1. So, in the stretch 446-483, exactly how many residues are buried (at least 18 other Cβ atoms within 10 Å of the Cβ), in a loop (DSSP other than H, G, I, E, B) and in contact with a strand residue (DSSP E or B) (Cβ under 7 Å, 6 or more places away or on another chain)?
2. Being of a type in the set (Gly, Ala, Ser), within 19 Å of residue 94 (Cβ to Cβ) and assigned to a helix (DSSP H, G or I) narrows it down to one residue among 154, 166; which is it?
3. Select, from 96, 103, the only residue that is surrounded by fewer than 18 Cβ atoms within 10 Å (Cβ to Cβ), part of a helix (DSSP H, G or I) and either touching a strand residue (DSSP E or B) at 6+ places or on another chain (Cβ under 6 Å) or on the phi > 0 side of the Ramachandran plot (or both).
4. Restricting to the stretch 335-358, give me the number of residues that are aromatic (Phe, Trp, Tyr), buried (at least 16 other Cβ atoms within 10 Å of the Cβ) and touching a Ser or Thr at 6+ places or on another chain (Cβ under 7 Å).
5. So, residue 414, is that one without any contact (Cβ under 8 Å) to a residue 60 or more places away in the chain, in the same structural domain as residue 533 (by TED's automatic domain parsing) and not basic (Lys, Arg) or not?
6. Considering the stretch 284-310 alone, what residues qualify as being assigned to a loop (DSSP other than H, G, I, E, B) and at negative phi?
7. Quickly run through the stretch 296-339 and pick out the residues that are of a type in the set (D, E, K, R), over 21 Å from residue 510 (Cα atoms) and in contact with a Phe, Trp or Tyr (Cβ under 7 Å, 6 or more places away or on another chain).
8. Please go through (1) over 30 Å from residue 59 (Cα atoms); (2) at pLDDT 95 or above for residue 126 and return the number of the only condition it doesn't satisfy.
Amino acid sequence: MGNRENAGERRKTRPAVLGGVIAVVVGGAGLGAYALFGSGAAAEDGTRTSSAQQAGEVRTGPLSAAEVTAAAERFLIAWQSGKADEAAAATDDPEAAAALLTAYAEDAGVEDVTLTAGPRTGAKVPFSVKATVRHEDIGKPLAYDSALTVVRRAGDGEPQVAWRPAVVHPDLREGDKLVTGESGIPPVEALDRDGGELTTGTYPSLGSVLDGLREKYGEQAGGEAGVELRVVRGKESEKAKLSDKTLLELSEGTPGTVRTTLDPSLQAAAEAQVAKRDRASVVVLRPSTGEILAVANSSRGFNTALQGSLAPGSTMKVITSSLLIEKGLASMDEQHPCPKYFSYGGWKFQNDDKFEIEGGTFKASFARSCNTAFISQAPELKDDDLTRQAQQVFGLSMNNWQVGVPTFDGSVPVQTDAPMGASLIGQGGVRMSPLNMASVSATVKAGVFRQPYLVSPEVDGRELATAPRTLSAGTLAQLRELMSYTAAYGTAAEAMAGVGGDAGAKTGSAEVDGQKKPNGWFTAYRGDLAAAGVVQAAGHGGSTAGPMVAALLKSGG
């Protein structure tokens with residue numbers, strides 16, 4: 001490559017060779033060991049670009065290594081040099097990129113930026129960021145990793161960096177911004193139920209929970225704000241119930257204290273369980289009170305355990321069964337159809353491996369998770385029956401839970417025809433989080449819906465959500481027997497082996513478009529504990545989420 005020069009310092013420099021790899025030097029500050037994938041690759045690529053543009057040709061086909069390298073290099077060098085407009089012009093959305101990159105320097109006070117690219121993988125280039133965040137006379141180092149992807153620009157096919165806010169920082173979504181200044185919200189010291197401090201060092205899963213606690217309780221917990229670099233959420237993130245996030249403290253504030261309901265031993269056990277699996281999330285509740293005892297995710301970003309919106313698969317059959325029993329459409333010891341197939345609303349539904357149960361009872365169908373046993377009753381139901389059951393008995397799908405941190409409260413929309421039939425088995429438009437499905441098991445165990453909570457309502461006087469009615473004693477007894485039988489003899493038996501006492505469970509597998517394996521779900525209770533978990537894209541719930549949930553029920557017993 002030719003020499004580069006800084007706009008402020010016209011001092012020419014020679015390319016440095018680091019470990020045999022050329023590093024681009026800008027004004028004496030190294031961009032880092034940026035692999036050029038062969039001597040002269042960028043220059044040759046530039047020649048081809050010029051020829052193509054002169055001929056008026058549109059560049060098509062897969063991106064070459066040289067094209068990816070050159071496009072990434074243009075963007076990273078301009079960004080590091082503080083040329084926001086020039087860096088933005090190297091993306092496919094210059095206006096949005098310029099705004100965020102300008103704010104990165106001006107609003108966030110990030111300076112002395114050094115960007116070091118890693119090995120390219122296809123069109124994706126990872127890079128590390130080292131910089132200084134400065135506010136008035138305070139400065140602190142900032143370091144993190146990010147990545148960019150190169151695409152062809154519409155129209156001429158020119159390689160450009162695909163713009164998205166996460167390129168600047170992985171925690172950014174559309175509409176978010178980085179700001180450095182007085183936080184406005186004092187920090188909080190979150191405590192477990194025994195008074196021990198909750199930190200991400202001890203409990204890595206709790207990052208988003210601690211952010212949520214600070215957002216809700218920081219101003220009333222008695223602390224004083226400090227100076228920090230933080231992500232200020234925009235409309236898209238607010239819709240997803242994401243809290244503002246602190247990335248770097250320049251000066252510490254004085255924290256107030258907030259006590260939670262988390263149990264330290266169960267939280268530690270939950271952290272250990274999700275660490276064994278990719279994309280795993282779990283929640284443990286106390287049915288008699290609604291207290292959240294543990295919440296954990298194997299990924300440290302989005303809090304799927306509390307805010308996930310996923311099809312719950314056959315764990316939804318707990319709610320559907322309560323509906324069918326109440327309406328006299330099923331009874332645990334009476335014969336119930338479980339054919340290989342059942343068509344409804346233009347869709348042909350089938351069971352896993354196309355099994356059927358001839359002359360079996362509803363209990364047998366529930367324990368083996370027979371889809372057609374439930375969808376066969378769709379013609380007898382009104383479109384809003386399942387929605388009303390979820391709302392009135394289980395407290396779901398009303399968006400009114402007051403947990404103490406942001407949560408997704410389940411969604412069971414009114415549907416018609418085939419989607420309504422699919423909703424009976426937890427597909428269609430039904431969406432739940434592990435928190436929601438743990439609450440379902442807790443409701444069955446307690447006999448009444450008690451809204452889960454992480455912070456006692458006595459702390460701030462908020463009013464917890466309630467459900468309008470409870471199940472009859474007869475329906476509740478059947479529902480408990482169905483879950484107990486499934487834990488002992490059905491699809492949950494292997495996972496629940498060794499979980500003694502008063503226990504019940506239900507497995508689930510939810511198909512997801514474009515995903516080779518289904519999401520594995522499991523919800524269960526034992527004594528005064530209820531739990532639910534999901535392992536995404538992993539397979540059947542009995543063998544994926546089941547062992548995780550069962551282990552927590554054992555450890556808490």
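1. So the answer is 3.
2. On the way: 154 fails: assigned to a helix (DSSP H, G or I).
Result of the check over 154, 166: 166.
3. Numbers: 96 fails: either touching a strand residue (DSSP E or B) at 6+ places or on another chain (Cβ under 6 Å) or on the phi > 0 side of the Ramachandran plot (or both).
Among 96, 103, only 103 is surrounded by fewer than 18 Cβ atoms within 10 Å (Cβ to Cβ), part of a helix (DSSP H, G or I) and either touching a strand residue (DSSP E or B) at 6+ places or on another chain (Cβ under 6 Å) or on the phi > 0 side of the Ramachandran plot (or both).
4. 2
5. Working: without any contact (Cβ under 8 Å) to a residue 60 or more places away in the chain: yes; in the same structural domain as residue 533 (by TED's automatic domain parsing): yes; not basic (Lys, Arg): yes.
So residue 414 fits the description; yes.
6. In the first step, residues of the stretch 284-310 are kept if they are assigned to a loop (DSSP other than H, G, I, E, B); the result is 286-290, 298-303, 308-309.
286, 287, 288, 289, 298, 299, 300, 301, 302, 303, 308, 309, listed by residue number.
7. So the first thing to find is which residues in the stretch 296-339 are of a type in the set (D, E, K, R), and the list is 300, 317, 326-327, 333-334.
Keeping just the survivors that are over 21 Å from residue 510 (Cα atoms) gives 300, 326-327, 333-334.
Residue satisfying the conditions is 334 alone.
8. With (1) over 30 Å from residue 59 (Cα atoms); (2) at pLDDT 95 or above applied to residue 126, the lone miss is (1).
The values are calculated or read from the model by the stated rules, or taken from the named source; none is laboratory data. Treat the numbers as computed from the prediction; the structure is a model and nothing was measured. Please note: Cβ atoms are built from the backbone with ideal geometry, for glycine as well, and neighbour counts cover all protein chains shown.
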